[in-house]
Amino acid sequence: PEDTVTSSFASFIHGARPDHLSKTVRHRSKRMILDSIGVGLVGSTTHVFDIALRYCRLYSPVAVSSVYGKPGVKLSPTLAAFTNGVATHSMDFDDTWHPATHPSGAVLPALLAASQMLPPSTKPTGMDFLLAFNVGLEVQGRLMHFSTEAHDIPKRFHPPSVVGTMGSAAAMAKLLSLSRAQCCHALGIAASLAGAPMANAATQAKPLHIGNATRLGFEAALLAARGMEANPFILDDIPGCSGFSAFYGVYDPKPLPAPSDHHEFLLEKQDIAFKRFPAHLGMHWVVDAALSVRNLFVHYAGSFSPGLIRTIVLKIPVSKYINRPFPSSEHQARHSFQFNACAALLDGEVGLGSFTESSIHRQELRELLDKVVVEHPEDNVANFDKMYGEVALLLHSGDVLTGKCDTFYGHWRKPLSTESLLKKFRSNASHVLPEEKIETIITTVDNLENLSDSSQL
């Protein structure tokens, strides 16, 4: 069908060309690729990744695609995408966009695996790879803008399990050079493979959301390439028959303009948020607020002395799944305003070591958690573009010290510098790779446009 929302998306996927990518879009997306690879590499050291890898090695007779952090280990393309997607989100260390989703992890693992899958005569170039990556990002961003619900911190489903699956399908459809009709069917098939409930946040199952998004979108494109068909109105709002609108109570789809020399990708308009430590994005506001008030406290008292504190007041938005007073596991701790604020107060930083069993169950940390009181000011909305974090220390002396963060360092309004991004990547990659390979990856990503064979990445 012509002149439908779905057909406009298919036309965009099919028609996008490398010259449609501006210098800004190429630069920002390469930063995302580098960060996502680093997060995946350090994620390959986690227990949940080991579970996923052991599972996938049971079902991988055609082993051609590489696995993060495991030299010599290869899996079938879709299972490699799944495993690397799990690694990417295993620590909740991956990038975040607005409206809220984790865009890179849902797309990059599928593209990496497919680049190794394709025969030498059809290997995509680095520019082909970069274009497909950005098509996957664009589709995710456009879909999220169809509903006002998507702008707030989610309550029902984890966004990357829905829009990420669609983005992966779009990216793979582009990389595999599917026809416009096949692109349409790939989106329709992906919609039937999408979705995961928020109740599994803060559990070992949450990284599966990213793993499944990248794998299932990949599979949707492969099925479409082999002739499978789906509803050609999947993105349209058809009364009495929900398509993609099944995921939203409020849904107002708009056509995606055909790509042209003047097309402005969403990544051009809004940068991405990169996390400085491995936890839910909302934690970054309270950590920066806690570090701010900690500095005031040290100046006030000469050192950080928890015994002087009577009450710790956190002013945070209402969001049930990240309001966890006493987390008992690393995944719960990564999703706890209270834990991250107290860890920052106690240690003066939050990092990889903050989420170990020994760190989580420290007596001195528990004593700080006992002092926390949570408040939800009406002006502090559950929205990553509008929320803030505030930490107030009410002292036994009667004095009150307050730290507040409106925009943390790494947010799209305050992006990480190149130096900070490279420092994060080198630190993450160093857990599994020698220095020379780390520097080779940095150089390869930086020169991705000039790569003749993207499988080298």
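Six or more apart or on different chains, Cβ atoms under 6 Å: show the pairs whose first residue is in the range 331-342 and more than 14 Å from Gly389 (Cα to Cα) and whose second is open to solvent by less than 10 Å² (accessible area, probe 1.4 Å) and among the acidic types (Asp, Glu).
Pairs found: Arg334/Asp92.
Consider only pairs whose beta carbons are under 8 Å apart and that are at least six residues apart or on different chains; among these, list those whose first residue lies in the range 226-238 and is more than 10 Å from Gln182 (Cβ to Cβ) and whose second residue is open to solvent by 50 Å² or more (accessible area, probe 1.4 Å) and among the hydrophobic types (A, V, I, L, M, F, W, C).
The qualifying pairs do not exist here.
Checking the conditions here, which among Pro109, Pro124, Pro103, Pro99 is part of a helix (DSSP H, G or I) and either in contact (Cβ under 8 Å) with a residue 12 or more places away in the chain or in contact with a Ser or Thr (Cβ under 7 Å, 6 or more places away or on another chain) (or both)?
On the way: Pro124 fails: part of a helix (DSSP H, G or I); Pro103 fails: part of a helix (DSSP H, G or I); Pro99 fails: part of a helix (DSSP H, G or I).
None of the other options fit; the residue is Pro109.
From the list Arg310, Arg294, which one is surrounded by 15 or more Cβ atoms within 10 Å (Cβ to Cβ) and of a type in the set (D, E, K, R)? Break it down into steps so the answer makes sense when it comes.
Working: Arg310 fails: surrounded by 15 or more Cβ atoms within 10 Å (Cβ to Cβ).
One residue alone meets the criteria, Arg294.
Mind counting the residues in the range 361-374 that are assigned to a helix (DSSP H, G or I) and out of contact with any Ser or Thr (no Cβ under 8 Å at 6 or more places or on another chain)?
Within the range 361-374, residues that are assigned to a helix (DSSP H, G or I) and out of contact with any Ser or Thr (no Cβ under 8 Å at 6 or more places or on another chain) number 6.
Identify, from the list Ile238, Ile234, the residue that is of a type in the set (A, V, I, L, M), outside any helix (DSSP H, G or I), under 25 Å from the mean Cα position of the chain (by Cα) and over 24 Å from Ser76 (Cβ atoms). Reasoning before the result, please.
Numbers: Ile238 fails: under 25 Å from the mean Cα position of the chain (by Cα).
Selected residue: Ile234, the only one of Ile238, Ile234 that is of a type in the set (A, V, I, L, M), outside any helix (DSSP H, G or I), under 25 Å from the mean Cα position of the chain (by Cα) and over 24 Å from Ser76 (Cβ atoms).
Look through Arg226, Arg156 and report the one residue that is in contact with a strand residue (DSSP E or B) (Cβ under 8 Å, 6 or more places away or on another chain) and surrounded by fewer than 17 Cβ atoms within 10 Å (Cβ to Cβ). Give the derivation first.
On the way: Arg226 fails: in contact with a strand residue (DSSP E or B) (Cβ under 8 Å, 6 or more places away or on another chain).
Result: Arg156 is the single residue among Arg226, Arg156 that is in contact with a strand residue (DSSP E or B) (Cβ under 8 Å, 6 or more places away or on another chain) and surrounded by fewer than 17 Cβ atoms within 10 Å (Cβ to Cβ).
Would you point out which residue out of Ser358, Ser397, Ser427 is of a type in the set (Gly, Ala, Ser), open to solvent by 30 Å² or more (accessible area, probe 1.4 Å), in the same structural domain as His299 (by the TED database) and outside any loop (DSSP other than H, G, I, E, B)? Quick ask: steps written out before the conclusion?
On the way: Ser397 fails: outside any loop (DSSP other than H, G, I, E, B); Ser427 fails: in the same structural domain as His299 (by the TED database).
Result of the check over Ser358, Ser397, Ser427: Ser358.
Among (1) modelled with pLDDT of 95 or more; (2) over 30 Å from Val5 (Cα atoms); (3) open to solvent by 10 Å² or more (accessible area, probe 1.4 Å), which single condition is Gly72 missing?
Here Gly72 meets the rest and fails (1).
Confirm whether Asp252 is touching a helix residue (DSSP H, G or I) at 6+ places or on another chain (Cβ under 7 Å), surrounded by fewer than 22 Cβ atoms within 10 Å (Cβ to Cβ) and either of a type in the set (Val, Ile, Thr) or not in a strand (DSSP E or B) (or both). So that I can check it myself, show each step before the final result.
Values: touching a helix residue (DSSP H, G or I) at 6+ places or on another chain (Cβ under 7 Å): no; surrounded by fewer than 22 Cβ atoms within 10 Å (Cβ to Cβ): yes; either of a type in the set (Val, Ile, Thr) or not in a strand (DSSP E or B) (or both): yes.
Considered against the rule, which asks whether it is touching a helix residue (DSSP H, G or I) at 6+ places or on another chain (Cβ under 7 Å), surrounded by fewer than 22 Cβ atoms within 10 Å (Cβ to Cβ) and either of a type in the set (Val, Ile, Thr) or not in a strand (DSSP E or B) (or both), Asp252 comes out as no.
If a residue must be open to solvent by 60 Å² or more (accessible area, probe 1.4 Å) and β-branched (Val, Ile, Thr), how many such residues does the range 403-424 contain? Give the steps one after another, and end with the answer.
Step one: of the range 403-424, the residues open to solvent by 60 Å² or more (accessible area, probe 1.4 Å) are 404, 406, 409, 413-414, 418-419, 423.
From the residues that got through so far, the ones that are β-branched (Val, Ile, Thr) too are 418.
The total comes to 1.
Within the range 5-62, count every residue that is touching a helix residue (DSSP H, G or I) at 6+ places or on another chain (Cβ under 7 Å) and assigned to a helix (DSSP H, G or I).
31
Sort out which residues of the range 112-168 are farther than 14 Å from Tyr248 by Cβ and of a type in the set (Val, Ile, Thr), and write them in order of number.
The answer is Thr122, Thr125, Val135, Val139, Ile153, Thr165.
Given the conditions (1) over 25 Å from His98 (Cβ atoms); (2) in a helix (DSSP H, G or I); (3) not aromatic (Phe, Trp, Tyr), and given that Glu149 satisfies all but one, which numbered condition is not satisfied?
Unmet for Glu149, out of (1) over 25 Å from His98 (Cβ atoms); (2) in a helix (DSSP H, G or I); (3) not aromatic (Phe, Trp, Tyr): (1).
Would you be able to say whether some residue in the range 94-106 is surrounded by 18 or more Cβ atoms within 10 Å (Cβ to Cβ), more than 16 Å from the chain's Cα centre (by Cα) and not β-branched (Val, Ile, Thr)? Quick ask: steps written out before the conclusion?
At the first step, the residues of the range 94-106 found to be surrounded by 18 or more Cβ atoms within 10 Å (Cβ to Cβ) are 94-106.
Okay, now just the ones that are also more than 16 Å from the chain's Cα centre (by Cα), so none.
No, that holds for no residue.
So if I check each of Val318, Val287, Val350, which one is at pLDDT 95 or above, under 22 Å from the mean Cα position of the chain (by Cα) and over 27 Å from Ser420 (Cα atoms)?
Details: Val287 fails: over 27 Å from Ser420 (Cα atoms); Val350 fails: over 27 Å from Ser420 (Cα atoms).
Of Val318, Val287, Val350, the one residue that is at pLDDT 95 or above, under 22 Å from the mean Cα position of the chain (by Cα) and over 27 Å from Ser420 (Cα atoms) is Val318.
Restricted to the range 361-371, and to residues that are free of Cβ contacts under 8 Å to residues at least 60 places away in the same chain and out of contact with any Phe, Trp or Tyr (no Cβ under 7 Å at 6 or more places or on another chain), which residue is least open to solvent (accessible area, probe 1.4 Å)? Write out each step before concluding.
Step one: filter the range 361-371 for residues free of Cβ contacts under 8 Å to residues at least 60 places away in the same chain, giving 361-366, 369-370.
Narrowing the set further to residues that are out of contact with any Phe, Trp or Tyr (no Cβ under 7 Å at 6 or more places or on another chain) leaves 361-366, 370.
Details: His361: 105, Arg362: 49, Gln363: 115, Glu364: 87, Leu365: 0, Arg366: 115, Asp370: 98 Å².
If we take residues in the range 361-371 being free of Cβ contacts under 8 Å to residues at least 60 places away in the same chain and out of contact with any Phe, Trp or Tyr (no Cβ under 7 Å at 6 or more places or on another chain), then Leu365 is least open to solvent (accessible area, probe 1.4 Å).
With (1) modelled with pLDDT of 95 or more; (2) surrounded by fewer than 16 Cβ atoms within 10 Å (Cβ to Cβ) as the list, and Leu216 as the residue in question, which single condition is left unmet?
It fails just one condition, (2).
Conditions first: (1) out of contact with any Leu (no Cβ under 7 Å at 6 or more places or on another chain); (2) aliphatic (A, V, I, L, M); (3) open to solvent by 10 Å² or more (accessible area, probe 1.4 Å). Met144 passes all but one, so which condition is the exception?
(3)
Among the residues of the range 375-384, is any open to solvent by 30 Å² or more (accessible area, probe 1.4 Å), in a loop (DSSP other than H, G, I, E, B) and more than 17 Å from Phe337 (Cα to Cα)?
Within the range 375-384, one or more residues are open to solvent by 30 Å² or more (accessible area, probe 1.4 Å), in a loop (DSSP other than H, G, I, E, B) and more than 17 Å from Phe337 (Cα to Cα).
The values are calculated or read from the model by the stated rules, or taken from the named source; none is laboratory data. Quick caveat, the model's predicted, so the values are computed rather than measured. Positions of Cβ are backbone-derived with ideal geometry, glycine not excepted, and every protein chain shown enters the neighbour counts. Surface areas here come from the heavy atoms of the whole protein model, side chains and all, with no ligands, DNA or RNA. Shrake-Rupley method; radii C 1.70, N 1.55, O 1.52, S 1.80 Å.
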